[in-house]
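Asker: Below: one structure in structure tokens.
The values are calculated or read from the model by the stated rules, or taken from the named source; none is laboratory data. Quantities reported herein were computed from a predicted structural model and do not represent experimental measurements. Neighbour counts are summed over all protein chains in view; Cβ atoms, including those assigned to glycine, are modelled from backbone coordinates with ideal geometry.
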Amino acid sequence: MKKFYMILAALLIGSVCFAQFAPRQAYKAGTQSTAADRSGYVGNLSFDQVIYPMSNGNEFAIAPKQYNSNLSGSITKVKFYHHTQGSYTNTSYTIKIYNNISLGGDYAGYGFYDETSCGTAAYTQNYTASENGWQEVELTTPYTIPSGEFWVSIQVNGTGLVCLGGAASAVEGQYYMKSPVQVSETQSVTFWSAPSLTQQGSSQETLYSCCLAVFVDDGAAEEIHSDFQAKLLNLIIEGQNASIAPAPDQYTIGTTDDLVIYPFYQNNGPNAATSGTLTATIKLGGSTYGTPMTRTFTTEAPCAISSMPESFYQAEGYAVTITAAEMDAMGVGNNFEVCYEVSYTGGEGTDNVSANNSFCIPVTRTNAVCDIQAKLYTDAQGTAEVGATLTLAADQDFVVYPAIFNAGPDAAAGTVTLDVQLDGASLVGGAQAMSLASQPIAANDFTTIMQNGALTISAALLDQYQITGTFEVCLIANYSGNDPNTENNTKCVTVTRETVAVEENIAASVSVYPNPANDMFTVANAEGATIVVVNSLGQVVASIENAASNQTIDASNFANGTYFVKVNESVIKINVVK
């Protein structure tokens, strides 16, 4: 049974796989990379996973002189972030440069400017992106920077996406987007406006930068530097994945709760760091917590310009847990700030933007009272609880939705220790801690605890480990804060499953060889049959209709493990070992 438990351990919150480029609201803060008079990129070279849908003909633009009014020389290259996702498949762009900028129009007072506000198109160049990521486009003809205001624009020639950088008031006037705006119930007008969205948990619109920069060649040598940015983020469980999300504006925890934070750093460019040392420090109430972390970069192991933040704490699930005892020992009290700071020293180039080297969030410790209850629901919406008993057919998967419910009276923002057990043995390798500091559970509300909502044990997996008859599955939830009623911290269901022997379904005439297999195996005597290969989690990994008499199966992409080969109504177990 031990192997069975280890397989299921990957289903719970202990396993984190980042979902890249999911539509998200922006992180807090973040001053964009700027430039003085030098040869180098001017603009934003970081992507904070914020994407905005654009229609055919929409544009996004940078106003380079808003970074530095004294820019001179020529624009020789444009760099922007291209991304496709779902139905947003555009790969065709037109680079435009406008001069004679004059913002105006009937709605200028509201921040919406007529299409003609961008002046006259002085340069155009078509470009097709071949793959997602940063696109560096050399201009066919360098554009001499004019004495007045000018914009460099990217037009989306199809249904596409614009990737945005961090939110910061410093970007005001630096970026614009041309897109339709609903001015009445029946009328939509295309305007230029500053990129602005409403942050999660806020009613206020926040300015954003676009992932767009221009290379200014002023005849001087290029200055080498990187902009290292500190970030405290959060992880959001979504389906089988966990994605990076904004941290809360404040952590609220109980006086006996631990504080869990997710510190990250990011190199916004414009250059990769190929030498020098990055030092990261966590501070509580202004005092250093623990030992600062360091990482030295080399040409062989550089810190590249990144669209995804990086962490010193991958081995800890990207989390740093600060215990209640540690906070008490530091004497931080019940109201203080937790800060994450980075500094880059000793290498070629410098970190030229210091305003984003520290990220702080207020922390409040309270004596909240919560009645935490363990629940097993029949669906992710918590429509109904699973009864005390459950009967499964031989071919039926076991599916429940484990959740923790807060009966109040206060919001739960502490740490819940969770375990899922089958007949007293943990299915997740032992109890696991789940911090609610960044996502408190309100009174009379609940949250599911699995990555995909459901705890699923497939019939194939139950067959493999010959789990039949009656067994008990329990969820155990213990709260670190003030939980006056612990009798409802455990929820169990007694499961009765019809007996099935996999070997009884195996037809004597069908065979699979070699077993164990490596990159390929053969199903013998399968002529005309339907062959389905299922992994130990019940997922179909291969399917063949009207098979040959001796049908070969490509297993080169199979992970090591046990598989079930279904030949019509027959089932044969095979191991893949590489």
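Asker: Which of (1) among the β-branched types (Val, Ile, Thr); (2) part of a strand (DSSP E or B); (3) farther than 30 Å from Gly408 by Cα; (4) at pLDDT below 90 does Thr364 not meet, given it meets every other one?
Answerer: Here Thr364 clears every test but (3).
Asker: Write out, first by first residue and then by second, each pair whose Cβ atoms fall under 6 Å of each other, whose residues are 6+ apart or on separate chains, and whose first residue, in the range 250-270, is in the same structural domain as Phe312 (by TED's automatic domain parsing) while the second is surrounded by fewer than 24 Cβ atoms within 10 Å (Cβ to Cβ) and basic (Lys, Arg).
Answerer: Hits for this filter: Ile253/Arg365; Thr255/Arg365.
Asker: With the requirement that a residue be of a type in the set (A, V, I, L, M, F, W, C) and in a strand (DSSP E or B), what does the range 154-195 give you?
Answerer: First pass over the range 154-195, keeping only residues of a type in the set (A, V, I, L, M, F, W, C): 154, 156, 161-164, 167-168, 170-171, 177, 181, 183, 189, 191-192, 194.
Within the range 154-195, Ile154, Val156, Leu161, Val162, Cys163, Leu164, Ala167, Met177, Val181, Val189, Phe191, Trp192 qualify.
Asker: Same structure again: So for the range 117-124 (the condition being outside any helix (DSSP H, G or I) and touching a residue at least 60 places away in the same chain (Cβ under 8 Å)), does at least one residue qualify?
Answerer: So far as the range 117-124 goes, no, none of its residues is outside any helix (DSSP H, G or I) and touching a residue at least 60 places away in the same chain (Cβ under 8 Å).
Asker: Can you go through Asn535, Asn557, Asn485 and tell me which one is of a type outside the set (D, E, K, R), more than 21 Å from Val428 (Cβ to Cβ) and modelled with pLDDT under 90?
Answerer: Just one listed residue meets the conditions, Asn557.
Asker: Something else about it: Pick from the range 423-451 the residues that are more than 19 Å from Glu316 (Cβ to Cβ) and surrounded by 20 or more Cβ atoms within 10 Å (Cβ to Cβ): which of them is modelled with the highest pLDDT?
Answerer: This residue is Ile441.
Asker: Name the single residue, out of those in the range 452-496 being charged (D, E, K, R) and farther than 17 Å from Phe405 by Cα, that is surrounded by the fewest Cβ atoms within 10 Å (Cβ to Cβ).
Answerer: So the residue we want is Glu472.
So that you can scan it fast, the table gives a plain yes or no per residue for (1) at pLDDT 90 or above; (2) under 31 Å from the mean Cα position of the chain (by Cα); (3) at negative phi:
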residue	(1), (2), (3)
Asn132	no, yes, yes
Val137	yes, yes, yes
Gly165	no, yes, yes
Val183	no, no, yes
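Asker: Hey, could you check the range 315-336 for residues that are loosely packed, with under 15 Cβ neighbours inside 10 Å and among the acidic types (Asp, Glu) and say which is nearest to the chain's Cα centre (by Cα)?
Answerer: Glu316
Asker: To continue, here is another question. Mind telling me which of the residues Val420, Val416 ends up being buried (at least 20 other Cβ atoms within 10 Å of the Cβ), under 20 Å from Ala384 (Cβ atoms), at pLDDT 75 or above and not assigned by TED's automatic domain parsing to the domain that holds Lys566?
Answerer: Going through Val420, Val416 in turn, just one is buried (at least 20 other Cβ atoms within 10 Å of the Cβ), under 20 Å from Ala384 (Cβ atoms), at pLDDT 75 or above and not assigned by TED's automatic domain parsing to the domain that holds Lys566: Val420.
Asker: Restricting the range 333-361 to residues that are of a type in the set (D, E, K, R) and in a loop (DSSP other than H, G, I, E, B), which is nearest to Ile305 (Cα to Cα)?
Answerer: Asp351
Asker: In the range 28-44, which residue that is at pLDDT 65 or above and more than 22 Å from Lys178 (Cβ to Cβ) is surrounded by the fewest Cβ atoms within 10 Å (Cβ to Cβ)?
Answerer: Step by step, filter the range 28-44, then rank; the result is Ser39.
Asker: Could you grab me the full set of residues in the range 130-153 that are of a type outside the set (Phe, Trp, Tyr), within 22 Å of Gly269 (Cβ to Cβ) and assigned to a strand (DSSP E or B)?
Answerer: Answer for the range 130-153, where residues must be of a type outside the set (Phe, Trp, Tyr), within 22 Å of Gly269 (Cβ to Cβ) and assigned to a strand (DSSP E or B): Gly133, Gln135, Glu136, Val137, Glu138, Leu139, Pro142, Val152, Ser153.
Asker: Sticking with this structure for a sec: Check Tyr127 against each of (1) closer than 20 Å to Ser55 by Cβ; (2) assigned to a helix (DSSP H, G or I) and name the one condition it does not meet.
Answerer: That leaves (2) as the condition not met.
Asker: Further question on the same structure: Could you count how many residues in the range 560-578 are assigned to a loop (DSSP other than H, G, I, E, B), modelled with pLDDT under 80 and over 31 Å from the mean Cα position of the chain (by Cα)?
Answerer: Of the residues in the range 560-578, 3 are assigned to a loop (DSSP other than H, G, I, E, B), modelled with pLDDT under 80 and over 31 Å from the mean Cα position of the chain (by Cα).
Asker: At least 2 residues that are surrounded by 20 or more Cβ atoms within 10 Å (Cβ to Cβ) and modelled with pLDDT of 80 or more in each: list the strands (runs of 3 or more DSSP E) lying fully within the range 209-264 that qualify. Lay out the reasoning, then the answer.
Answerer: On the way: elements: 212-217, 226-238, 241-246, 251-254.
Answer list for the range 209-264: 212-217, 226-238, 251-254.
Asker: If I filter the range 351-358 for residues that are touching a residue at least 60 places away in the same chain (Cβ under 8 Å), among the charged types (D, E, K, R), crowded, with 16+ Cβ neighbours inside 10 Å and farther than 30 Å from Gly254 by Cα, do I get at least one hit? First the steps, then the outcome.
Answerer: Taking the range 351-358 first, the residues touching a residue at least 60 places away in the same chain (Cβ under 8 Å) are 351-353, 355-358.
Among the residues that remain, those that are also among the charged types (D, E, K, R) are: 351.
The next check asks that each one be crowded, with 16+ Cβ neighbours inside 10 Å; those that pass are 351.
Remaining after also requiring farther than 30 Å from Gly254 by Cα: 351.
Yes; the residues of the range 351-358 include at least one that is touching a residue at least 60 places away in the same chain (Cβ under 8 Å), among the charged types (D, E, K, R), crowded, with 16+ Cβ neighbours inside 10 Å and farther than 30 Å from Gly254 by Cα.
Asker: Take Gly387 and decide whether it is assigned to a loop (DSSP other than H, G, I, E, B) and not assigned by TED's automatic domain parsing to the domain that holds Thr255.
Answerer: Taking the combined requirement at face value, the residue satisfies it.
Asker: Next question. Can you find even one residue in the range 354-361 that is modelled with pLDDT of 90 or more, of a type in the set (A, V, I, L, M) and under 30 Å from Ala454 (Cβ atoms)?
Answerer: For the range 354-361, residues modelled with pLDDT of 90 or more, of a type in the set (A, V, I, L, M) and under 30 Å from Ala454 (Cβ atoms): absent.
Asker: Further question: Having 2 or more residues that are in contact with a strand residue (DSSP E or B) (Cβ under 9 Å, 6 or more places away or on another chain) and assigned by TED's automatic domain parsing to the domain that holds Gly269 is the bar; report the strands (runs of 3 or more DSSP E) wholly within the range 45-116 that clear it.
Answerer: Of the strands (runs of 3 or more DSSP E) lying wholly inside the range 45-116, none has at least 2 residues that are in contact with a strand residue (DSSP E or B) (Cβ under 9 Å, 6 or more places away or on another chain) and assigned by TED's automatic domain parsing to the domain that holds Gly269.
Asker: Going through Gly453, Gly430 one at a time, which residue ends up being under 24 Å from Gln539 (Cα atoms) and assigned to a loop (DSSP other than H, G, I, E, B)?
Answerer: Details: Gly430 fails: under 24 Å from Gln539 (Cα atoms).
None of the other options fit; the residue is Gly453.
Asker: Would the range 396-408 turn up any residue that is assigned by TED's automatic domain parsing to the domain that holds Leu436, in contact (Cβ under 8 Å) with a residue 12 or more places away in the chain and in a loop (DSSP other than H, G, I, E, B)?
Answerer: yes
Asker: Within the range 93-100, can one find any residue that is touching a Ser or Thr at 6+ places or on another chain (Cβ under 7 Å), hydroxyl-bearing (Ser, Thr, Tyr) and without any contact (Cβ under 8 Å) to a residue 60 or more places away in the chain?
Answerer: There is at least one residue in the range 93-100 that is touching a Ser or Thr at 6+ places or on another chain (Cβ under 7 Å), hydroxyl-bearing (Ser, Thr, Tyr) and without any contact (Cβ under 8 Å) to a residue 60 or more places away in the chain.
Asker: Please find, within the range 464-482, the residue that is modelled with the highest pLDDT out of those that are polar (S, T, N, Q) and assigned to a loop (DSSP other than H, G, I, E, B).
Answerer: Going through the qualifying residues, I end up with Ser480.
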